[in-house]
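K.L.:
Below: one structure in structure tokens.
The values are calculated or read from the model by the stated rules, or taken from the named source; none is laboratory data. The structure displayed is predicted, hence computed values, not measured ones. For neighbour counting, all protein chains shown are included, and Cβ atoms are generated from backbone atoms with ideal geometry for every residue, glycine included.
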Amino acid sequence: MRLRIFLSFGALVLLAGCSSGSGTWGWYVIDPSTPKGMSNISFLLSGFGATILLSLIAAGLSMMLGLLVALPGMSGNRWIRLPSRIYIEFIRAIPLLPMLFWVFYGLPVVLKSIGINVSIDAFWGAVLTLAISDSAFTAEIYRSGIQSISKGQTEAAKTVGLNYRQTMRYVILPQAIKRILPPLANQFIYIVKMSAFASVIGMQELTRRANELVVTEYRPLEIYTLLIFEYLVLVLIISFFVRWLERKMGADESK
């Protein structure tokens with residue numbers, strides 16, 4: 001229902017604006033009733049695929065890396081726990097944009113200095129940056145979710161002969177996933193929005209497409225308005241899917 005309301009409102013705004021082709025308004029550049037406007041809209045929408053693919057791969061890598069960082073961070077051994085804490089605090093302190101520049105421009109130089117010749121294109125540079133940046137937050141989500149499970153569950157698993165790995169896989173993680181699903185969904189939405197930074201290194205996603213169109217049409221207000229609407233629709237669709245998934249997994253405790 002909420003998605004339909006936002007879509008209807010956005011459509012009304014765009015259609016009303018398209019009727020004004022003079023003065024300070026230039027909605028005609030995205031008027032679907034004209035060949036030029038339709039061409040511009042199609043050009044903007046062509047960035048959806050890259051944005052979604054970039055976000056999905058980065059989120060998947062972030063969740064795997066976050067789990068690998070979180071598990072040592074809960075160890076009773078200080079020296080096993082320390083590297084995890086250093087990684088989390090260090091990564092969380094770095095702004096996304098400088099990290100993106102370092103990964104895209106600096107990482108190939110570092111790898112080359114140790115004899116590894118690898119070129120990183122805009123897509124994988126953005127994927128690695130988003131995955132690394134988000135993994136520190138994901139690790140904390142995993143940690144809080146796992147530690148929220150009663151210690152009695154771990155003790156019960158030990159009594160039936162399960163080792164640490166089996167306990168995590170069959171007892172703790174299945175219960176923790178239900179609790180951490182909402183914050184993980186929020187992190188995925190964060191990745192989708194932060195994927196806009198990939199435009200600064202030439203990644204042809206939604207924001208890059210909008211920037212290129214602004215350069216040719218000189219109508220930033222209208223084009224960036226449509227860009228915001230694109231992200232709004234994308235985030236609402238993700239939110240709807242997450243709510244559905246929560247209900248299927250029994251993670252929605254509102255009922």
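K.L.:
Search the stretch 100-122 for residues being β-branched (V, I, T) and either assigned to a helix (DSSP H, G or I) or in contact with a Lys or Arg (Cβ under 6 Å, 6 or more places away or on another chain) (or both), and hand back the single one that is farthest from P72 (Cα to Cα). Spell out how you get there, then give the answer.
P.N.:
Step one: list which residues in the stretch 100-122 are β-branched (V, I, T), which gives 103, 109-110, 114, 116, 118, 120.
Filter once more, so that each one left must be either assigned to a helix (DSSP H, G or I) or in contact with a Lys or Arg (Cβ under 6 Å, 6 or more places away or on another chain) (or both): 103, 109-110.
Working: V103: 25, V109: 30, V110: 27 Å.
The residue in question is V109.
K.L.:
Return the pair list, or none, for Cβ contacts closer than 6 Å from residues in the stretch 141-165 that are more than 15 Å from L71 (Cα to Cα) to residues that are among the hydroxyl-bearing types (S, T, Y), at least 6 apart or on different chains.
P.N.:
If the second residue must be among the hydroxyl-bearing types (S, T, Y), the pairs left are A157/T167.
K.L.:
Which residues, taken from the stretch 130-156, are in contact with a helix residue (DSSP H, G or I) (Cβ under 7 Å, 6 or more places away or on another chain) and either more than 23 Å from P72 (Cβ to Cβ) or aliphatic (A, V, I, L, M) (or both)?
P.N.:
Correct list: L130, A131, I132, A136, A139, I141, I146, I149.
K.L.:
Which of (1) of a type in the set (A, V, I, L, M, F, W, C); (2) surrounded by 15 or more Cβ atoms within 10 Å (Cβ to Cβ); (3) free of Cβ contacts under 8 Å to residues at least 40 places away in the same chain does I228 not meet, given it meets every other one?
P.N.:
It is condition (2) that I228 fails.
K.L.:
A follow-up question, please. Here is a check on your reading of the model: is R92 of a type in the set (D, E, K, R), within 16 Å of Y190 (Cβ to Cβ) and modelled with pLDDT of 90 or more?
P.N.:
So R92 passes the test.
K.L.:
If you go through the stretch 123-131 one residue at a time, do you hit one that is assigned to a helix (DSSP H, G or I), under 30 Å from M168 (Cα atoms) and among the hydroxyl-bearing types (S, T, Y)?
P.N.:
yes
K.L.:
Can you pull out the residues in the stretch 45-67 that are free of Cβ contacts under 8 Å to residues at least 40 places away in the same chain and more than 20 Å from E205 (Cα to Cα)?
P.N.:
M64
K.L.:
Could you list, in sequence order, the residues of the stretch 166-200 that are over 14 Å from the mean Cα position of the chain (by Cα) and aromatic (F, W, Y)?
P.N.:
Result: Y170, single match.
K.L.:
I'd like the full set of residues that are surrounded by 10 or more Cβ atoms within 10 Å (Cβ to Cβ), β-branched (V, I, T) and more than 24 Å from A59 (Cβ to Cβ), limited to the stretch 95-128.
P.N.:
Scanning the stretch 95-128 gives a single hit, V110.
K.L.:
Within the stretch 183-193, does at least one residue satisfy the condition of being farther than 30 Å from G47 by Cβ, in contact with a Phe, Trp or Tyr (Cβ under 9 Å, 6 or more places away or on another chain) and surrounded by fewer than 17 Cβ atoms within 10 Å (Cβ to Cβ)? Outline the logic, then answer.
P.N.:
Residues of the stretch 183-193 that are farther than 30 Å from G47 by Cβ, as a first pass: none.
No; the residues of the stretch 183-193 include none that is farther than 30 Å from G47 by Cβ, in contact with a Phe, Trp or Tyr (Cβ under 9 Å, 6 or more places away or on another chain) and surrounded by fewer than 17 Cβ atoms within 10 Å (Cβ to Cβ).
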